[in-house]
Amino acid sequence: MSQKPMIAIPVMARTLPELEEELTALAPLDFDVLEWRMDGLSSLSPALVKKGLALVKSHCQRPVIATIRTSKEGGSFPYEDALYESCVTAVMTGLRPGSDAVDVEMERTPAPRLIEKARALGLSVIVSFHDFSRTPKKEDIVSRFLTMKARHASIGKIAVMAHSREDACTMMDAMAQVHKTAPEFPFIGISMGPCGQVTRTEGGKAGSILTFASAGEASAPGQIALADIRRILDKAYR
């Protein structure tokens with residue numbers, strides 16, 4: 001079960017010039033995947049998404065996860081169904097099949113259509129769920145992961161808030177059960193906050209395939225700096 005997770009670095013630039021600056025700074029760093037958090041941009045629109053993606057692709061040869069995190073899931077995008085769907089659809093057309101992925105929030109109304117569109121384009125689709133207030137019961141986390149699988153997610157992602165070491169253990173136990181129940185289903189499990197950092201470093205031992213690290217502004221509570229997490233992972237997964 002133990003596998004060294006890949007490292008993703010989120011970029012949350014507010015303008016296109018800032019995005020280009022951040023991409024240039026990230027180029028020499030040692031990480032595996034770039035997550036472009038499109039909701040960082042002000043006045044998000046399909047046209048702006050396409051311009052931003054052109055910058056991302058010209059500066060980054062790594063796999064890209066394109067994400068719009070709405071305000072309901074801890075992001076900066078004031079949720080509107082139609083605009084969310086049009087922006088996610090716009091970014092899909094510029095992503096690379098077989099390499100890049102698009103994030104779709106599980107509980108948003110357009111999710112089934114967006115999952116179908118991504119799959120038709122040959123893209124990986126990460127179906128995500130976030131809870132910034134608490135850690136659900138183990139069986140609820142397991143059930144949600146398996147629902148993501150049933151809805152044709154390429155990868156399931158659940159991030160919940162940990163208020164204690166026990167909360168983090170709940171996530172680890174849930175991930176281990178999912179990996180045992182559906183070993184062919186890739187997933188990402190994260191307990192946010194300082195109490196949950198063990199899931200960011202040890203999650204691969206329960207089946208999680210990816211962890212997020214910061215190279216500047218963190219995109220979620222409890223993210224560990226890139227240099228630190230690289231050192232920790234290299235030691236933990238020898």
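Things to note:
- Just one of the listed residues (48, 34) is open to solvent by less than 10 Å² (accessible area, probe 1.4 Å) and either modelled with pLDDT of 95 or more or among the small types (Gly, Ala, Ser) (or both), namely 34.
Condition check ((1) free of Cβ contacts under 8 Å to residues at least 40 places away in the same chain; (2) part of a helix (DSSP H, G or I)) across all residues:
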residue	(1), (2)
127	yes, no
174	yes, yes
191	no, no
232	yes, yes
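- Tally, over segment 51-79, of residues that are modelled with pLDDT under 85 and not aromatic (Phe, Trp, Tyr): 7
- Matching residues in segment 6-49 - criterion: being of a type in the set (S, T, N, Q) and outside any helix (DSSP H, G or I): 15, 42, 43, 45
Residue-by-condition table, conditions (1) at pLDDT 95 or above; (2) among the hydroxyl-bearing types (Ser, Thr, Tyr); (3) farther than 30 Å from residue 25 by Cα:
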residue	(1), (2), (3)
155	yes, no, no
158	yes, no, no
162	yes, no, yes
167	yes, no, yes
172	yes, no, yes
179	yes, no, yes
183	yes, no, yes
196	yes, no, no
208	yes, yes, no
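- Identity of the residue in segment 95-117, outside any loop (DSSP other than H, G, I, E, B) and farther than 30 Å from residue 193 by Cβ, that ends up most open to solvent (accessible area, probe 1.4 Å): 116
- Options 156, 98: the member that is of a type outside the set (A, V, I, L, M, F, W, C) and at positive phi: 98
- The residues of segment 55-68 that are farther than 16 Å from residue 27 by Cα and outside any strand (DSSP E or B) amount to a single one, 68.
- Residues in segment 201-215 that are touching a helix residue (DSSP H, G or I) at 6+ places or on another chain (Cβ under 7 Å) and over 23 Å from residue 151 (Cβ atoms): 201, 202, 211, 213, 214, 215.
The values are calculated or read from the model by the stated rules, or taken from the named source; none is laboratory data. As the structure is a prediction and not an experimental result, all values here were calculated from the model. Note that we place each Cβ from the backbone using ideal geometry, even for glycine, and neighbour counts take in every protein chain shown. With ligands, DNA and RNA removed, areas are computed over all heavy atoms of the protein, side chains included. Shrake-Rupley method; radii C 1.70, N 1.55, O 1.52, S 1.80 Å.
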